[in-house]
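The block underneath contains the structure these notes are about, expressed in structure tokens.
The values are calculated or read from the model by the stated rules, or taken from the named source; none is laboratory data. Here the structure is a predicted model, which is why all the values come from computation and not from measurement. Cβ: placed from backbone, ideal geometry, glycine included. Neighbour counts: every protein chain shown.
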Amino acid sequence: MEQIKCLIIGSGPAGYTAAIYAARADMNPVVIQGLQPGGQLTTTTDVDNYPGYKDGVMGPEMMEDFKAQAERFGTDTRWGMVTKVDFSERPFKVEIDEKTSVLAETVIIATGASAKWLGMEDEQRLSGFGVSACATCDGFFYKGEDVVVIGAGDTAAEEATYLAKMCSKVTMLVRRNEMRASKAMQKRVFNTQNLEVLFNHETRSINGEKTVESVTAYNNQTGDETTIPVSGFFVAIGHKPNTDLFKGQLDMDENGYLFVQPGTSKTKIPGVFAAGDVADHVYRQAVTSAGTGCMAALDAERFLAAQE
């Protein structure tokens, strides 16, 4: 059975950054790319907030740059999906595509998180062309324009008030007759002049041929429909970390985010590390994911050195 010094599960900014550092430390990392090689950024168009790209960059292009840099130092990047892990003893046994197994001395988990969507065809059709799940990432592109935010929790409230600082008007569509957000966040929402909350409203359709032009919402109590002219549609109903594979083996919170020791990437199992959105429900940015990918590789390198 193949033995790998450093196995990286996932290929977003965290995974590839970990690979760059691990490869330069002669750890001969192997990256298993997963279902979405490059991670969430491959579904993003313009990325303007990552340092070093002074003119901005397309998400897929940026991830190709990350991959090429990792491979330049000898990273072995492989197609495939990890389907089973056994962290009960080292080296760890990892199954790929339900058919191949390898042994890994260290494992870096960088499987990321997936945004929750409403499940509408219009979301997929206009994703990256007015439809977004990250106000911090994409809000800048809607300066002076009108946008809609979907959601009722703290995330939606935070994204709506953030967008209100730069957009002409923000309309929140809340499915129920109340918000789930904390009282403090609700106070911020209701005290923001250019932010309107439509309670008991759900999305009927997102309209526009090539980009978002308007949103049709309906009142789920009266059945009345309203068409709101907007250029941005922000879904803020949460994220789901891709951690089902590790249930029962690693500690995680009630939403599935992995616990790491504060200030490190270390999970409760020595030799297993977590980086990026899989352990971060607060920042969820490419640059913070890359930073924790660096931490994971350094932690793994030091762990291996201590074993010698």
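Table for the structure above
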quantity	calculated
Residues of region 181-195 classified as in contact with a Ser or Thr (Cβ under 9 Å, 6 or more places away or on another chain) and either assigned to a helix (DSSP H, G or I) or of a type in the set (D, E) (or both), total	3
Inter-residue pairs, beta-carbon under 8 Å, first over 20 Å from L298 (Cβ atoms) and in region 91-108, second of a type in the set (F, W, Y) and assigned to a strand (DSSP E or B), 6+ apart	L103/F92
The lone exception for A23 - which of (1) over 19 Å from T100 (Cα atoms); (2) out of contact with any Ser or Thr (no Cβ under 6 Å at 6 or more places or on another chain); (3) not polar (S, T, N, Q) it fails	(2)
Where V82 falls short, out of the listed (1) within 20 Å of the chain's Cα centre (by Cα); (2) within 17 Å of S289 (Cβ to Cβ); (3) surrounded by 14 or more Cβ atoms within 10 Å (Cβ to Cβ); (4) modelled with pLDDT of 90 or more	(2)
Selection count, region 28-56, where residues are under 19 Å from the mean Cα position of the chain (by Cα), free of Cβ contacts under 8 Å to residues at least 40 places away in the same chain and either in a helix (DSSP H, G or I) or more than 21 Å from L126 (Cβ to Cβ) (or both)	1
Meets criteria (under 30 Å from L304 (Cβ atoms) and surrounded by fewer than 21 Cβ atoms within 10 Å (Cβ to Cβ)) for K165	no
Strands (runs of 3 or more DSSP E) completely within region 224-263 that count 1 or more residues being surrounded by fewer than 16 Cβ atoms within 10 Å (Cβ to Cβ)	225-229, 239-241
Index of the failed condition, A181 passing every other in (1) crowded, with 16+ Cβ neighbours inside 10 Å; (2) touching a strand residue (DSSP E or B) at 6+ places or on another chain (Cβ under 7 Å)	(2)
Hits in region 8-37 - residues which are within 25 Å of A133 (Cβ to Cβ), among the small types (G, A, S) and surrounded by fewer than 23 Cβ atoms within 10 Å (Cβ to Cβ)	G34
Flag if T155 is within 30 Å of K247 (Cα to Cα), surrounded by 18 or more Cβ atoms within 10 Å (Cβ to Cβ) and not assigned by TED's automatic domain parsing to the domain that holds Y218	no
Residues within region 264-287 that are of a type outside the set (A, V, I, L, M, F, W, C), crowded, with 17+ Cβ neighbours inside 10 Å and over 23 Å from E89 (Cα atoms), tallied	5
Residue identified as modelled with pLDDT of 95 or more and in contact with a strand residue (DSSP E or B) (Cβ under 8 Å, 6 or more places away or on another chain) among V94, V57	V94
Single residue of region 275-302 satisfying the filter (polar (S, T, N, Q) and assigned to a helix (DSSP H, G or I)) that is nearest to the chain's Cα centre (by Cα)	S289
In region 1-54, the residues that are polar (S, T, N, Q) and either more than 15 Å from A68 (Cβ to Cβ) or assigned by TED's automatic domain parsing to the domain that holds L126 (or both)	Q3, N28, Q36, Q40, T43, T44, T45, N49
Elements of type strands (runs of 3 or more DSSP E) in region 107-180, at least 3 residues being farther than 29 Å from P60 by Cβ and either at pLDDT 95 or above or of a type in the set (S, T, Y) (or both)	169-174
Single unsatisfied condition, T75 versus (1) buried (at least 18 other Cβ atoms within 10 Å of the Cβ); (2) within 17 Å of the chain's Cα centre (by Cα)	(2)
Unique residue being in the same structural domain as S127 (by TED's automatic domain parsing), hydrophobic (A, V, I, L, M, F, W, C), under 16 Å from E145 (Cα atoms) and buried (at least 20 other Cβ atoms within 10 Å of the Cβ) when the list is L195, L173	L195
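So that you can scan it fast, the table gives a plain yes or no per residue for (1) touching a Cys at 6+ places or on another chain (Cβ under 9 Å); (2) more than 23 Å from Y142 (Cβ to Cβ); (3) not β-branched (V, I, T):
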site	(1), (2), (3)
S182	no, yes, yes
N194	yes, no, yes
L198	no, no, yes
R204	no, no, yes
V215	no, no, no
Q221	no, yes, yes
